[in-house]
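Written out below as structure tokens is the structure these notes cover.
The values are calculated or read from the model by the stated rules, or taken from the named source; none is laboratory data. What you see is a predicted model; the values in this text were computed from it and never measured. Surface accessibility is based on the protein's heavy atoms, side chains included, excluding ligands, DNA and RNA. Shrake-Rupley method; radii C 1.70, N 1.55, O 1.52, S 1.80 Å.
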Amino acid sequence: MKNLLELMGIEADRIHFSWISSAESTKFVKVVNEITAKVKALGPNQRFVKQAAKVA
Amino acid sequence: MSTYTEKIREISQRLLKECKVEMVIGFRQGTLPMMNEPCIVRKPEEVERLVWDSNCGINLANYLTNRKEKIGVVAKGCDSRNIVTHILENKIKREQLVIIGVPCQGMIDKRKIAAGVQGEILSVAEADGEVTVQTAAGAQTFKKAEVLQQNCSVCTHRNPVIHDEMVAEPVAEQTGVDPYADVAAIEAMSAEERWKFFEELLAPCIRCYACRNACPLCYCPTCFVDESKPQWVGKGQDPIDVRTFHFLRAYHCAGRCTDCGACERACPVGINMRLLTKKLNKDCLALYGWEAGLAEDKRPALDTYKANDPENFIH
Ligand code: SF4
Ligand code: SF4
Ligand code: SF4
């Protein structure tokens, strides 16, 4: 799924998968921090965003 | 090719006479050139309707879904792989089927022919690897190899993988072709180029769903695009909705698609949506050594777990 999104032009660092047990609190914090940093580095997503209809 | 037609008629007639099957699903001449249609024959005296040539690109596995009868079905390489997939997914039972295998020599791309001639095509005939097209202006001849559907030109499973009858000796499989060169070319682009590429590719899509309906894999009673409670995806021409449809349709075919080309063939505006399913085929082969529909006794890639499955996409 990640590969197909990437083929369509979504940046590799924008999609992340992880497997964290409910007991692994430290891993959860670490992964969330890493992902936040990577996505921030890319900046706001412009692709695969549906623009809301403009109301005058 | 005409010997194929005779053989298909002969086998069908025998199966129907001996009551081995209640119906035979094959092809009949279409009302327009290069547009052969699926055809169901139930009586031995009706087998004259069945034909075979290089315009039988529709995938007949699509007409087997959930049927209860005993059926004879004409199957080229790709159809037979989709029949295997149907059997694995409990959409038909092997015991219900008598598979009439057709060693395939590739199907003609009607768009390539139309692009090569002027005016309306009146008739198309083939012989000895050449295709002759009649228009009001006269006759024009093409080499068949040059007007094949793109998927057929790189097909490496032309012979049926399962069959009960064969209409001819197996054909030599193509070697030295790279089915995935076009996907690799897209992979080599930057993310921005890839986004643009698909924006242009999918721009003409009118959401007619012919690609979905032609595909034997798409048999859900209600497709996600047709659902309204909840509505998973917008139903209009918004480019993001169109892309969502194509992305998810392809993903639903992951590990199941045989690259038969029926979807692309059915598209009224000529979109090559196979690029998406093919990416998944390519990855399934690289990651799991899996190609769909090659064996009745192997579970599909996304249906099994192995301790050594690649997991480098998981943090
Ligand atoms: S994909 Fe292969 S088996 Fe199917 S029609 Fe084309 S050449 Fe024949
Ligand atoms: S997605 Fe297209 S190429 Fe793949 S099995 Fe379905 S119709 Fe055939
Ligand atoms: S057949 Fe073509 S136009 Fe119709 S939904 Fe599929 S891609 Fe779009």
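Per the accessible-area calculation with a 1.4 Å probe, the total area buried between chain A and chain B rounds to 2200 Å². According to the Cα-based calculation, Rg over Rh for the stretch B:178-310 is 0.97, with Rh computed by the Kirkwood formula. Ligands, DNA and RNA left out, the 1.4 Å accessible surface of the protein assembly as shown is 54% carbon and sulfur atoms.
Across all Cα atoms of the protein assembly as shown, the radius of gyration (one decimal) and Dmax (whole number) stand at 23.1, 77 Å.
Counting only residues at least eight positions apart within a chain, or on another chain, the lysines with an alpha carbon under 20 Å from that of residue B:278 are A:2, B:76, B:196.
Based on the reciprocal of the average 1/r between different C-alpha atoms, the Kirkwood radius for chain B equals 20.8 Å. If one takes the longest principal axis of the Cα atoms in chain A, at what angle in degrees, from 0 to 90 and to the nearest 10, does the Cα axis of helix A:25-42 lie? Value to nearest ten degrees: 30.
Accessible surface for residue B:158 stands near 30 Å², nearest 10, in the context of the full protein assembly shown (1.4 Å probe).
Under 5 Å between amide hydrogens, built in the peptide plane, is the criterion, and for residue B:22 it picks out B:70, B:71, B:72 among residues at least 5 positions away or on other chains. If you take the Cα centroid of the stretch B:238-313 and the Cα centroid of the stretch A:21-53, the two points sit 27 Å apart.
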